[in-house]
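Working notes, structure below.
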Amino acid sequence: ASFYGIGGLNYTQVKVKGETFFGDFSSSDSSIGLNLGAGANFNLGKSFTPFAELKYTIGDFDQLVLGAGLKFNF
């Protein structure tokens with residue numbers, strides 16, 4: 001397996017609109033955060049490479065993200 005680091009900026013925006021018995025409402029918020037994490041490519045010698053990543057976003061909307069997928073080699 002080959003490992004790599006992840007780093008970058010994150011911009012998150014949330015908007016909510018709705019209706020209740022008491023009337024309409026809306027709210028919005030946004031935040032800038034920092035992405036930090038690591039990933040791994042699993043080289044199988046095929047025409048594709050599986051990978052996995054673990055990333056944490058630091059900011060007002062903190063979140064931990066686990067991702068996986070395939071990279072196709074053309």
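Couple of notes before you dig in:
- The range 4-15, residues that are open to solvent by less than 100 Å² (accessible area, probe 1.4 Å) and either not in a strand (DSSP E or B) or not β-branched (Val, Ile, Thr) (or both): 4, 5, 7, 8, 10
- Top-ranked residue of the range 16-74 - restricted to ones that are farther than 21 Å from residue 5 by Cα, in contact (Cβ under 8 Å) with a residue 24 or more places away in the chain and in a strand (DSSP E or B), ranked as most open to solvent (accessible area, probe 1.4 Å): 29
The values are calculated or read from the model by the stated rules, or taken from the named source; none is laboratory data. Since the structure is predicted, the reported quantities are computational estimates derived from the model, not experimental observations. Note that each Cβ is placed from the backbone with ideal geometry, even for glycine, and that neighbours are counted across all protein chains shown. Ligands, DNA and RNA are excluded from the accessible area calculation, which covers all protein heavy atoms including side chains. Shrake-Rupley method; radii C 1.70, N 1.55, O 1.52, S 1.80 Å.
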